[in-house]
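The values are calculated or read from the model by the stated rules, or taken from the named source; none is laboratory data. In this text, all values refer to a predicted model and were calculated from it rather than measured experimentally. Neighbour counts are summed over all protein chains in view; Cβ atoms, including those assigned to glycine, are modelled from backbone coordinates with ideal geometry. Ligands, DNA and RNA are stripped out before the accessible areas are found, and what is left, the full protein with its side chains, is counted by its heavy atoms. Shrake-Rupley method; radii C 1.70, N 1.55, O 1.52, S 1.80 Å.
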Amino acid sequence: MPFTPFHFGPGLLVGVPLRRRLDPVTFLVANVLVDVRATLVFFNIRSGPLHGPLHTYLGALGLAVILTGSVLVVTQRIPNTTQWTGYRPASVTAVALASVAGTWLHVTLDAILYSDMQPLYPVLGNPLYGLTGTLTIYGACTLALFLGAIASVPPLWRRWRASSA
């Protein structure tokens, strides 16, 4: 995706219904974290190819390991984190699965759109490129955002009701 916010749609649509298996906050973060380096390249803060090592399944897996560790350390070791944010990860497994699934979903969506990516590195090439059109991906991500936002309402409503009771 040329614009990282499009990754929020699939993140919400998949993350909310699977929130007992995939930690939803970690899943959303993982879906956009892959673009950190690409953003730096895009704004000429860093040089190199736009879709670098994080846009491979191997690089995304390394990023997922770092994200998993970071989420667990921050929420377990920093006092009052859950009080400040109201966020508590579901489990170590849910955080790890969300990290891997989120980063790999990002790589998959981008690989369909960009010929310069090598998602299976060290295997060269991009077998996913062109599986569907750009407008189809953008439309699907936009629809996913809409449906994910609707799916988010009931759990947020229940949480709000429980906290105000």
Odd one out for residue 73 among (1) among the aliphatic types (A, V, I, L, M); (2) at pLDDT below 90; (3) surrounded by 15 or more Cβ atoms within 10 Å (Cβ to Cβ); (4) assigned to a helix (DSSP H, G or I): (3)
Could you grab the pairs with beta carbons closer than 7 Å, sequence gap of 6+ or different chains, first residue in the stretch 97-108 and at negative phi, second one at pLDDT 95 or above and open to solvent by 50 Å² or more (accessible area, probe 1.4 Å)? 100/61
Every listed condition ((1) at pLDDT below 90; (2) open to solvent by less than 70 Å² (accessible area, probe 1.4 Å)) holds for residue 95 save (1)
Mind checking which residues of the stretch 98-129 are polar (S, T, N, Q), open to solvent by 40 Å² or more (accessible area, probe 1.4 Å) and not in a helix (DSSP H, G or I)? 115, 118
Within the stretch 137-163, track down each residue that is among the hydroxyl-bearing types (Ser, Thr, Tyr) and open to solvent by 80 Å² or more (accessible area, probe 1.4 Å). 163
Only one of (1) of a type in the set (Val, Ile, Thr); (2) open to solvent by less than 70 Å² (accessible area, probe 1.4 Å); (3) out of contact with any Leu (no Cβ under 6 Å at 6 or more places or on another chain); (4) closer than 26 Å to residue 70 by Cα is not met by residue 132, so which one is it? (4)
Keeping to the stretch 20-49, report how many residues are surrounded by fewer than 18 Cβ atoms within 10 Å (Cβ to Cβ) and touching a residue at least 24 places away in the same chain (Cβ under 8 Å). 4
